[in-house]
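This report refers to the structure that appears directly beneath it.
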Amino acid sequence: MKLGRRILVLAALASFATFVLGATAPVAGATSAGPIHPTNCTWDLVKTATLHSDPSHTITSLDLALNESVQVDYKVVVTRTGCDPTVDLHNEGGSGQVIDSFAGQLSPDHLFLDVPADHPASATYTYSRTITATSCDSFDVNNSVQVLDGDPTAPFAWDSLTIHVTVHCASHGGCTLTQGYWKTHSILGPAAKPDPTWNLVGGPNAPFFLSGKSWIQVFGTAPAGNGYYILADQYMAAVLNILNGASAPASVTSAIGTAAGLFSTYTPAQIAALKGNDPLRQQFISLGGLLGSYNEGAIGPGHCSE
């Protein structure tokens, strides 16, 4: 092949869902389709992805609830090394474009050709994409990466990635589960199979209002007569039940809204300091009783068979 032909790096990202997730794809040297670059260039690709909300960890898979969306940040590093130093790549007239099938052109012309052949040429590109689970079906996403010199049938190097995306849907048919179920079915256990509905509140370690504790820590705190925790246990269970697909009567949704307002105003210590017949303490306990009846199936769609 003439060096002057356009050099393309094509990232074929199949499917709108989860592509190039957390994979590293170093590719260099000869392929089954033919030799390396005629000037003995070697090409490497490194592709990684992270959650926008947690850039410190690369991703290798996704677990999403139905209709849940996440933003994924992608990074592509392209490096060219070991070319024949006697060839002036720039004068050969190639364009050196980097093309991504989702993000389009990622580089200006001549990016790899302005560097002398005997020196490494490297570039890093980043872009983001929102991924949404639109059905309950889990699926595999295949992603191929190739280094080409204008001829798609003879890549200099290639790699293929397969990512498994797991989509979780409500599994209890619109019924309710008790606070005992929810406190044991997060990723922290002890149940063997955590319920993915926890993801919709930020996970068990999400902060719970002004308590200074996480949701799972609040679940693990014995109420000991404190109306704050009596209500909090039933509030969290009711919220998780609704997110899991259970219907709720108007009295329950109203109680959830009132409880959220109380938790946004008071701390556990403030409620613990109230006397037994204090109206505010009685309001916490009354709301907890109503939501407990909902979670246990006395009102609403009924209790699930766990």
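The values are calculated or read from the model by the stated rules, or taken from the named source; none is laboratory data. What you see is a predicted model; the values in this text were computed from it and never measured. Cβ coordinates were reconstructed from backbone atoms using ideal geometry, including for glycine residues, and neighbour counts include every protein chain displayed. For the accessible areas, the whole protein counts, side chains as well, though only heavy atoms, and no ligand, DNA or RNA atoms are used. Shrake-Rupley method; radii C 1.70, N 1.55, O 1.52, S 1.80 Å.
Rundown of residues vs (1) closer than 23 Å to Gly174 by Cα; (2) at pLDDT below 95; (3) assigned to a loop (DSSP other than H, G, I, E, B), yes/no style:
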{"position": "Val252", "(1), (2), (3)": "yes, yes, no"}
{"position": "Leu262", "(1), (2), (3)": "no, no, no"}
{"position": "Tyr266", "(1), (2), (3)": "no, no, yes"}
{"position": "Leu274", "(1), (2), (3)": "no, no, yes"}
{"position": "Leu280", "(1), (2), (3)": "no, no, no"}
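Pull up region 186-201, narrow it to residues that are touching a residue at least 12 places away in the same chain (Cβ under 8 Å) and not hydrophobic (A, V, I, L, M, F, W, C), then point me to the one that is surrounded by the most Cβ atoms within 10 Å (Cβ to Cβ).
Step one: list which residues in region 186-201 are touching a residue at least 12 places away in the same chain (Cβ under 8 Å), which gives 186-188, 195-201.
Now narrow it down to the ones that are not hydrophobic (A, V, I, L, M, F, W, C): 186, 195-197, 199.
Values: Ser186: 22, Asp195: 21, Pro196: 21, Thr197: 24, Asn199: 20.
The qualifying residue surrounded by the most Cβ atoms within 10 Å (Cβ to Cβ) is Thr197.
Which members of region 167-179 meet the condition of being open to solvent by 30 Å² or more (accessible area, probe 1.4 Å) and at pLDDT 65 or above?
Our first condition is that a residue be open to solvent by 30 Å² or more (accessible area, probe 1.4 Å); within region 167-179, this holds for 168-173, 178-179.
Thr178, Gln179, listed by residue number.
Can you tell me which residue is least open to solvent (accessible area, probe 1.4 Å) among those in region 202-212 that are out of contact with any strand residue (DSSP E or B) (no Cβ under 7 Å at 6 or more places or on another chain) and touching a residue at least 24 places away in the same chain (Cβ under 8 Å)?
Ser211
Which number in (1) under 31 Å from the mean Cα position of the chain (by Cα); (2) farther than 14 Å from Leu177 by Cα; (3) surrounded by fewer than 16 Cβ atoms within 10 Å (Cβ to Cβ) marks the one condition that Ala259 misses?
Going through (1) under 31 Å from the mean Cα position of the chain (by Cα); (2) farther than 14 Å from Leu177 by Cα; (3) surrounded by fewer than 16 Cβ atoms within 10 Å (Cβ to Cβ) one by one, Ala259 breaks only (3).
From the list Ala250, Ala273, Ala246, Ala298, which one is within 31 Å of the chain's Cα centre (by Cα) and either buried (at least 20 other Cβ atoms within 10 Å of the Cβ) or without any contact (Cβ under 8 Å) to a residue 40 or more places away in the chain (or both)?
Ala246
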